[in-house]
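Undergrad: Structure incoming, see below.
The values are calculated or read from the model by the stated rules, or taken from the named source; none is laboratory data. No experiment lies behind these values; they were computed from the predicted model shown. Positions of Cβ are backbone-derived with ideal geometry, glycine not excepted, and every protein chain shown enters the neighbour counts.
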Amino acid sequence: MSLKFTAVWLLLALLAAGCGTAKKAGEPASPDALAKFQELAAKYNSVVTIPTFETTPEEVQATVNKTIADGNAALDTIGKLKPAEVTFENTLRKLDDIAYASSTVSERLGLIEQTSTNAAVRDAATEAIKKLSDWSVGTDYRDDVYAAVKAYAATQPALKGEDKKLFDETLRDYRRAGLNLPKDQRDKVEQLRKEESAMETDFQNNVTKAEKTLKFTKAELEGVPDDFLNQQGIKTGDDEYSVKANITFHYIMIEDNAKREETRKRMLEAQYNLARAENIPLLQKILVHRDDIAHLLGYASYADYATEVRMVKNAATAINFLENLKKGLQPKFDAEMEEFRQMKVADTGDPNAKINIWDWRYYANQLKKTKYNVDAEQLRVYFPYQRVLNGMFAIYQRIFGLKFERVEAPYKWIGDLQLYTVSDAKTGEPMGLFYLDMFPREGKYNHFAQFGIIEGKLLPDGRYQRPVCSLVCNFPPPQPDKPSLLSHDEVETVFHEFGHAMHTILTRAKYSRFSGTSVPQDFVEAPSQMLENWAWDKTVLDSFAADYRDPNKKIPKDILDQLKASRLATMGMYYRRQLSFGLMDLALHTQIHETNADETLPLSNKVLSDVSLPVPSDSAFVAYFGHITEYGAGYYGYAWADAIAADMATVFENSPDGYFDKTAGMRMRNEIYAVGDSRDINVSIEKFLGRPRSLEPFLKKIGVTQPQ
Ligand SMILES: [Zn+2]
C-alpha cells in the first residue's frame with residue numbers, strides 16, 4: 001500500500017513535561033499554551049493544526065464524499081492541462097497534494113475506527129476507508145492525468161534531490177500499475193489488482209472468523225495455571241475446560257504450560273488447521289493472480305515486483321540474507337534443541353525422546369523458570385506507568401534535543417486523553433503534537449501502536465505543515481490500591497512506539513510521499529527496534545525504574561541479567577522460526593504459478609519444516625497466517641530491519657554517553673528522522689553510522705559467533 005496509513009505497530013508513552021518548571025509532570029500548561037504554540041509556529045513559517053474529528057456516521061460519510069469529489073476535481077484539472085502548460089507544480093507536486101489530502105482523511109478515519117467510543121462511528125469509518133482506498137487505486141488508471149505527467153516528463157526537466165526522487169518514483173508507480181503497457185494488458189493488470197485485493201480482504205476475514213474450541217479434562221491440562229483455567233468461559237463443566245485454538249493467549253497458555261505432550265499436540269494441530277478449507281484454495285488464487293500481475297509487468301516473480309521499491313531491491317537478495325542467517329544460526333539452534341531434548345528425556349524417561357514442534361514452547365518456558373529463575377511478573381513493581389513515561393520522555397527530550405509540554409486538548413475522544421506539544425529545545429521551534437490514549441476500553445484497538453493523524457508536508461503556500469500523531473496503547477489500568485504497573489515487555493514497547501512518534505514528528509521532508517514514517521517497508525521498524533535496546537540497559541532503567549512502594553529500590557542487576565540470558569537462550573529458535581516464515585513467504589511468491597498452484601500447501605509446509613521444526617504432515621499453518629497476504633513477500637523485513645537496528649545501536653553504544661548521548665541522538669534526528677524517505681535510505685543509514693553497514697552487531701546479538 002503506497003499511501004501512508006501507517007498504524008506502525010507497537011506504541012508509546014508520555015512526558016516529563018517542562019523540566020525545571022514548578023508544574024508537576026503530566027499537568028497541563030496554561031489554557032492558552034496551545035494557541036501560543038500555534039502563533040510561534042507561524043514565526044517559523046509553519047503550521048500547527050489541531051485535527052477536527054468526525055463524531056457521527058453522517059459526518060464520516062460527508063467527509064469521505066467530499067474528499068473524493070475534491071480529489072476528482074483536482075485530477076480533472078491536471079487531466080485538462082495542454083502539453084504546453086505542464087509544469088512540475090501543476091503535475092507532480094499537485095499529485096502529491098491530492099494524495100496527501102486523501103491520506104490525511106484516511107489516517108484520521110483509521111484512528112477513529114480504532115478509538116471511537118461509538119460503534120456506529122467505528123463501522124462508518126471502516127466503510128469510508130474502504131471506499132477511499134478503492135477510489136485511490138482507481139486514480140492510478142486516469143489516462144488523462146497520466147498523459148499530463150508524461151507530457152511533463154517529455155520536457156526532460158533538470159531536477160535534483162527530493163524533486164527528482166518525486167519525479168522518478170511517480171513515473172515508477174505508473175509503470176508498476178501497468179500504464180506503460182498496451183491497453184488490453186493494462187486493463188488486465190487493473191482487473192487482476194482489483195480481484196486480488198478483494199480476495200485479500202476475504203483471506204483476512206477468514207482468518208479473523210476462524211474458530212476452534214477444544215475440550216480438555218483437568219488431568220489433561222496438568223501444569224496450566226489455575227488462574228487461567230478458572231476464568232469465565234474456560235471452565236465449562238465439572239471436569240471440562242474449553243479453550244480456543246484461535247485465541248492467541250489460550251494457545252500460548254496451553255503450549256507453554258501443559259505437561260502432557262498429547263495436549264500440546266492437539267492444540268497445535270487445531271491451530272495449524274484453522275481456516276484451511278476456505279483459505280488454501282483462496283491463497284492459491286491470490287498467488288497466481290500476483291504471479292500474473294508480475295509477469296504482465298515484466299518481472300520474473302511477484303517477490304521481485306514487491307521488493308523493487310524496498311531496500312533489498314530484489315527477491316534473490318532477500319532470500320540470500322535469510323539463508324545466510326539460517327546457516328549461521330545452525331549451531332546455536334542445534335544446541336538449543338539438544339538442551340530441550342535433554343529436558344524431555346529427563347521428563348519422560350525415554351532416552352530417544354525428540355523435540356517436536358508442539359514441545360518447544362513448553363521447554364523454553366521450563367528453561368526460563370528452572371535455569372534462569374525468571375519470573376517476568378515480579379518486575380512490574382519497578383515500572384509504574386507515570387514513572388516510565390516521565391523517564392522515557394526525559395531520555396528522548398535529551399538525546400533528540402526536544403522539549404515536550406502537556407497542553408489541554410480542545411477535543412477529547414476519551415476523557416483521559418492527553419495532548420503534548422513538541423518543540424526544539426534550543427530554538428523553541430514548534431515541531432508537532434502527539435496525543436496519548438493509553439488504557440483499554442470496549443471497542444478500542446487492542447494492541448499498541450502509533451497512528452499518524454497529520455503528516456508533515458510543505459504546503460502549496462510555502463508554509464510547512466507540522467505533524468500530529470497519537471499513541472494508542474493498552475496498559476493495565478490503575479487499581480484502587482496500586483498504580484498501573486507495566487511489564488518489562490510493555491516498557492520495551494513504549495520505547496519502540498514512541499520512536500515511531502519521533503519519526504513522524506521530526507520530519508522535514510517536502511513531500512508527503514517521503515515524510516515521517518513513509519520510508520521503505522523493510523526499514524520503517526529499524527529505528528524503533530533500535531530504541532528497544534534502551535529498555536534492556538541498566539543505566540537507562542535506573543534513570544526512572546524504581547519500586548513504586550519504595551522508590552529507593554532499583555531493579556536488581558541479577559534479575560535483569562537473568563532476563564537477558566534467558567532471552568538469548570532461545571534466540572536460535574526464535575529466529576529460525578522467523579526465518580521459516582520469511583523464507584516460506586518468499587518461496588510462495590517466487591515459485592507458485594498457474595501451472596503448479598496446488599503445490600502451495602506442500603511447498604509452504606516443506607519450507608517451514610526445513611527451517612524450523614517439522615510441521616505435522618496433515619496441517620496447513622499458512623491458511624491462518626494473515627501476514628502471507630498482508631505483507632506479500634515482505635515478512636523477511638522483520639529480520640532485515642533487526643539487523644539494521646543492531647548496527648545503528650552501536651553508534652550510541654560507542655559514544656561517550658551511551659544511550660544518553662546527545663551527539664548520536666541529534667545525528668539520528670537529522671540523518672534519519674528529519675530526512676525520512678526524501679533521499680535514498682541507504683545513504684541516510686550510512687550517514688548516521690558514519691561508515692558502511694555491517695551485519696556483525698546483529699550476529700553477535702543473536703548469538704551467531706561463526707563468521708559467515
Ligand atoms: Zn513498530
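Residues checked against (1) surrounded by 18 or more Cβ atoms within 10 Å (Cβ to Cβ); (2) modelled with pLDDT of 95 or more; (3) over 30 Å from Val519 (Cα atoms):
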| site | (1), (2), (3) |
| --- | --- |
| Ala315 | yes, yes, no |
| Leu322 | yes, yes, no |
| Lys326 | yes, yes, no |
| Glu336 | yes, yes, yes |
| Phe340 | yes, yes, yes |
| Ala346 | no, yes, yes |
| Gly349 | no, yes, yes |
| Asp359 | yes, yes, yes |
| Tyr362 | yes, yes, yes |
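Undergrad: Condition check: surrounded by 21 or more Cβ atoms within 10 Å (Cβ to Cβ), among the hydroxyl-bearing types (Ser, Thr, Tyr) and within 27 Å of Val524 (Cα to Cα). Does Tyr631 satisfy that?
TA: The answer is no for Tyr631.
Undergrad: Let me ask another. Name, by its number, the condition in (1) without any contact (Cβ under 8 Å) to a residue 40 or more places away in the chain; (2) away from the ligand (no atom under 14 Å from the Cβ); (3) part of a helix (DSSP H, G or I) that does not hold for Ser566.
TA: (1)
Undergrad: If you check Ala645, Ala639, which single one turns out to be touching a Gly at 6+ places or on another chain (Cβ under 8 Å), hydrophobic (A, V, I, L, M, F, W, C) and buried (at least 17 other Cβ atoms within 10 Å of the Cβ)? Don't jump to the end; show me each part of the working.
TA: Working: Ala645 fails: touching a Gly at 6+ places or on another chain (Cβ under 8 Å).
From the options Ala645, Ala639, the qualifying one is Ala639.
Undergrad: Please work out if Lys412 is basic (Lys, Arg) and under 23 Å from Val540 (Cα atoms). Before the answer, list the steps.
TA: On the way: basic (Lys, Arg): yes; under 23 Å from Val540 (Cα atoms): no.
In short, no.
Undergrad: Then there is this: Just checking, which of Val494, Val519 is in contact with a Leu (Cβ under 6 Å, 6 or more places away or on another chain) and of a type in the set (A, V, I, L, M)?
TA: Val494
Undergrad: Further question: Is it the case, given these coordinates, that Thr629 is assigned to a helix (DSSP H, G or I) and more than 24 Å from the chain's Cα centre (by Cα)?
TA: Numbers: assigned to a helix (DSSP H, G or I): yes; more than 24 Å from the chain's Cα centre (by Cα): no.
Against the criterion (assigned to a helix (DSSP H, G or I) and more than 24 Å from the chain's Cα centre (by Cα)), Thr629 does not qualify.
Undergrad: Another one. In segment 652-690, what count of residues is obtained for those that are loosely packed, with under 15 Cβ neighbours inside 10 Å and at positive phi?
TA: Here the count works out to 2.
Undergrad: Can you name the residue in segment 171-202 that is of a type in the set (Gly, Ala, Ser) and under 30 Å from Phe88 (Cα atoms) and is also nearest to the chain's Cα centre (by Cα) among such residues? Step through it out loud before you land on a result.
TA: Restricting attention to segment 171-202, the residues satisfying the condition of being of a type in the set (Gly, Ala, Ser) are 177-178, 197-198.
From the residues that got through so far, the ones that are under 30 Å from Phe88 (Cα atoms) too are 177-178.
On the way: Ala177: 25, Gly178: 29 Å.
Per the criteria, the residue is Ala177.
Undergrad: With the requirement that a residue be assigned to a strand (DSSP E or B) and either more than 16 Å from the ligand (Cβ to nearest atom) or among the polar types (S, T, N, Q) (or both), what does segment 444-472 give you? Explain how you work it out, then say what you get.
TA: Let us first name the residues in segment 444-472 that are assigned to a strand (DSSP E or B), namely 449-454, 457-458, 464-465, 468-472.
Matches in segment 444-472: Gln450, Ile453, Ile454, Lys457, Leu458, Tyr464, Gln465, Val468, Ser470.
Undergrad: Could you grab the pairs with beta carbons closer than 8 Å, sequence gap of 6+ or different chains, first residue in segment 487-516 and small (Gly, Ala, Ser), second one within 16 Å of the ligand (Cβ to nearest atom) and assigned to a helix (DSSP H, G or I)?
TA: From segment 487-516, the pairs are Gly499/Pro527; Gly499/Ser528; Gly499/Met530; Gly499/Leu531; Gly516/His503; Gly516/Thr504; Gly516/Ile505.
Undergrad: Which residue is nearest to Lys313 (Cα to Cα), if the candidates are limited to segment 681-704 and must be without any contact (Cβ under 8 Å) to a residue 40 or more places away in the chain and in a loop (DSSP other than H, G, I, E, B)?
TA: That would be Pro692.
Undergrad: With Met311, Met267, Met253 as the choices, which residue is more than 26 Å from the chain's Cα centre (by Cα) and surrounded by 18 or more Cβ atoms within 10 Å (Cβ to Cβ)? Outline the logic, then answer.
TA: Values: Met311 fails: more than 26 Å from the chain's Cα centre (by Cα); Met253 fails: more than 26 Å from the chain's Cα centre (by Cα).
Going through Met311, Met267, Met253 in turn, the sole match is Met267.
Undergrad: Next question. Which condition from (1) within 14 Å of the ligand (Cβ to nearest atom); (2) free of Cβ contacts under 8 Å to residues at least 12 places away in the same chain is the one that Asp481 breaks?
TA: (1)
Undergrad: Within the set of pairs 6+ apart or on separate chains, which have a first residue in segment 74-87 that is surrounded by 14 or more Cβ atoms within 10 Å (Cβ to Cβ), a second that is of a type in the set (A, V, I, L, M, F, W, C), and C-beta atoms under 6 Å apart?
TA: That search, which allows pairs on different chains as well, returns Ala74/Ile98; Leu75/Val145; Ile78/Val145; Ile78/Ala148; Gly79/Val145; Leu81/Ala148; Val86/Ala148; Val86/Ala151.
Undergrad: Look at segment 489-501 and say how many of its residues are away from the ligand (no atom under 12 Å from the Cβ) and in contact with a helix residue (DSSP H, G or I) (Cβ under 7 Å, 6 or more places away or on another chain).
TA: Here is the first cut: in segment 489-501, the ones away from the ligand (no atom under 12 Å from the Cβ) are 489-491.
Pick out the ones that are also in contact with a helix residue (DSSP H, G or I) (Cβ under 7 Å, 6 or more places away or on another chain) and you get 491.
Number satisfying all stated conditions: 1.
Undergrad: Is it the case that segment 461-475 has a residue that's over 18 Å from the mean Cα position of the chain (by Cα), acidic (Asp, Glu) and within 30 Å of Leu563 (Cα to Cα)?
TA: No, there is no match, as no residue in segment 461-475 is over 18 Å from the mean Cα position of the chain (by Cα), acidic (Asp, Glu) and within 30 Å of Leu563 (Cα to Cα).
Undergrad: Here is a follow-up. Is it the case, given these coordinates, that Glu599 is more than 20 Å from Ile319 (Cβ to Cβ), over 23 Å from the mean Cα position of the chain (by Cα), away from the ligand (no atom under 16 Å from the Cβ) and of a type in the set (D, E, K, R)? Give the derivation first.
TA: Working: more than 20 Å from Ile319 (Cβ to Cβ): no; over 23 Å from the mean Cα position of the chain (by Cα): yes; away from the ligand (no atom under 16 Å from the Cβ): yes; of a type in the set (D, E, K, R): yes.
No, not satisfied.
Undergrad: Look through segment 502-556, keep the residues that are surrounded by fewer than 24 Cβ atoms within 10 Å (Cβ to Cβ) and of a type in the set (S, T, N, Q), and return whichever of them is farthest from the ligand (Cβ to nearest atom).
TA: Asn552
Undergrad: Separate question: Quick one: which of Asp134, Asp123 is at pLDDT below 95, over 29 Å from Leu181 (Cα atoms), under 29 Å from the mean Cα position of the chain (by Cα) and surrounded by fewer than 16 Cβ atoms within 10 Å (Cβ to Cβ)? Step through it out loud before you land on a result.
TA: Numbers: Asp134 fails: over 29 Å from Leu181 (Cα atoms).
Selected residue: Asp123, the only one of Asp134, Asp123 that is at pLDDT below 95, over 29 Å from Leu181 (Cα atoms), under 29 Å from the mean Cα position of the chain (by Cα) and surrounded by fewer than 16 Cβ atoms within 10 Å (Cβ to Cβ).
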